[in-house]
Amino acid sequence: MAINLADHWEGYLAPRTLEEYSATYADFFRMRREDGIIEVRLHTADGPYVHTHAAHNAWPRVWQEIGNDPENHVLIITGTGDRWMTGNPRGLNPVPASDLDPDLTFQRMMDGWKLIESFVNSIDIPTIAAVNGAGVHTEFAMMSDITLAAPDADFMDPHFWLGSPPGDGQGMALQTLMGHKRAAYYIYGAKPIPAEKALEWGIVNEVLPRERLLDRAWELARFIMKRPRYARWAAHNIISRHWKKMVAEDFGFHMAHQMLANIASKSRVPNPDLINDSAARTLF
């Protein structure tokens, strides 16, 4: 910030610095900041990010830390290498949700809930996502103000294929950006949406070669940074207003139904039998 609030307000409690919170979350994110632009890169051991429950739990707090830091003016989110992220559908949930300790179930629900809620409500700066390849959990990339994609990136919601309702925000983002009727078909069939089709349907803004992707994100971020801070703040809030309304009005409904169905089904999610039923996917 241009001023030190401690010089003006006795007892001022400063938020954590980038050096502090980037160290806390270093196992999941690499962060760097230049001229007010913070780049947050998902990774696992400095390679493509592999999704875990621990990382899922960390994401909501990362968004809060970024939003709390007044030195952050524009956010760039990207992945590592040639994949946005990799899920582990056979290993993340070894038992049915109904067999879990209720407190563990509650925590998992809150992690998914706060991941979206915190991203939409805690970050009051322009956001740019650079989706560097295929992968799951692209909901917060799609909810960013600007979304760039590599040619082999794809966007899909695998939940229904794997035995769960589409409640974690991915389906909601697809409904909003590509239309409800079209999204229904792609959600039921867990059909991937290639980058070029995503561009045509308004899911992403640009498709670029992977080696050009991050440079383009920084070009856009620097363009945004040339505008006054109040203009950046207000523009982001205007542009993201529909996501805030959707989270307030609909997201809890989506998430609660997903958790209820996962517990009531008394089966593993993802269901191994459904993963192996490759013939069924030819119906869509």
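Just to be sure, is Asn205 more than 27 Å from Arg83 (Cβ to Cβ) and polar (S, T, N, Q)? The answer is no for Asn205.
Using the structure shown, decide if Ile3 is without any contact (Cβ under 8 Å) to a residue 60 or more places away in the chain and open to solvent by 50 Å² or more (accessible area, probe 1.4 Å).
Details: without any contact (Cβ under 8 Å) to a residue 60 or more places away in the chain: yes; open to solvent by 50 Å² or more (accessible area, probe 1.4 Å): yes.
So Ile3 fits the description; yes.
Scan the range 95-111 and give yes if some residue there is assigned to a helix (DSSP H, G or I), touching a residue at least 12 places away in the same chain (Cβ under 8 Å) and within 14 Å of the chain's Cα centre (by Cα), otherwise no. So far as the range 95-111 goes, yes, one or more of its residues are assigned to a helix (DSSP H, G or I), touching a residue at least 12 places away in the same chain (Cβ under 8 Å) and within 14 Å of the chain's Cα centre (by Cα).
In this structure, Ala129 does not qualify as touching a Pro at 6+ places or on another chain (Cβ under 9 Å) and either closer than 30 Å to Glu34 by Cβ or part of a helix (DSSP H, G or I) (or both). For Ala45, the criteria (1) in contact (Cβ under 8 Å) with a residue 12 or more places away in the chain; (2) under 28 Å from Met109 (Cα atoms) hold in every case but one, which is (1). Going by the structure shown, is Trp84 aromatic (Phe, Trp, Tyr), at pLDDT 90 or above and touching a Leu at 6+ places or on another chain (Cβ under 9 Å)? Yes; evaluated as a whole, the condition is true for this residue.
Applying the criterion of being of a type in the set (S, T, N, Q) and open to solvent by 50 Å² or more (accessible area, probe 1.4 Å) to the residues of the range 53-72, the residue that is nearest to Arg222 (Cα to Cα) is Asn68. Residue by residue through the range 261-273, note down the ones that are at pLDDT 80 or above and in a helix (DSSP H, G or I). Hits for the range 261-273 are Ala261, Asn262, Ile263, Ala264. When the range 211-250 is filtered for residues that are over 22 Å from Glu39 (Cβ atoms), hydrophobic (A, V, I, L, M, F, W, C) and either assigned to a loop (DSSP other than H, G, I, E, B) or open to solvent by 60 Å² or more (accessible area, probe 1.4 Å) (or both), the ones remaining, listed by number, are Ile238, Ala248.
Residues that are open to solvent by 80 Å² or more (accessible area, probe 1.4 Å) and in a loop (DSSP other than H, G, I, E, B) within the range 196-210 comprise just one, Asn205.
Report whether or not Tyr21 is aromatic (Phe, Trp, Tyr), buried (at least 19 other Cβ atoms within 10 Å of the Cβ) and touching a Gly at 6+ places or on another chain (Cβ under 7 Å).
no
Provide a single number: the residues in the range 62-94 that are in a helix (DSSP H, G or I) and under 13 Å from the mean Cα position of the chain (by Cα). Outline the logic, then answer.
Filtering the range 62-94 for residues in a helix (DSSP H, G or I) gives 62-68.
Narrowing further to those that are under 13 Å from the mean Cα position of the chain (by Cα): 62-63.
Result for the range 62-94: 2.
Considering only residues in the range 6-18 that are of a type in the set (A, V, I, L, M) and open to solvent by less than 90 Å² (accessible area, probe 1.4 Å), the one that is farthest from Glu65 (Cα to Cα) turns out to be Ala6.
The values are calculated or read from the model by the stated rules, or taken from the named source; none is laboratory data. It should be emphasised that the depicted structure is a prediction, and the values quoted were computed from it without experimental measurement. Cβ atoms come from the backbone with ideal geometry, glycine included; neighbour counts cover every protein chain shown. The accessibility values were calculated without ligands, DNA or RNA, using every heavy atom of the protein model including side chains. Shrake-Rupley method; radii C 1.70, N 1.55, O 1.52, S 1.80 Å.
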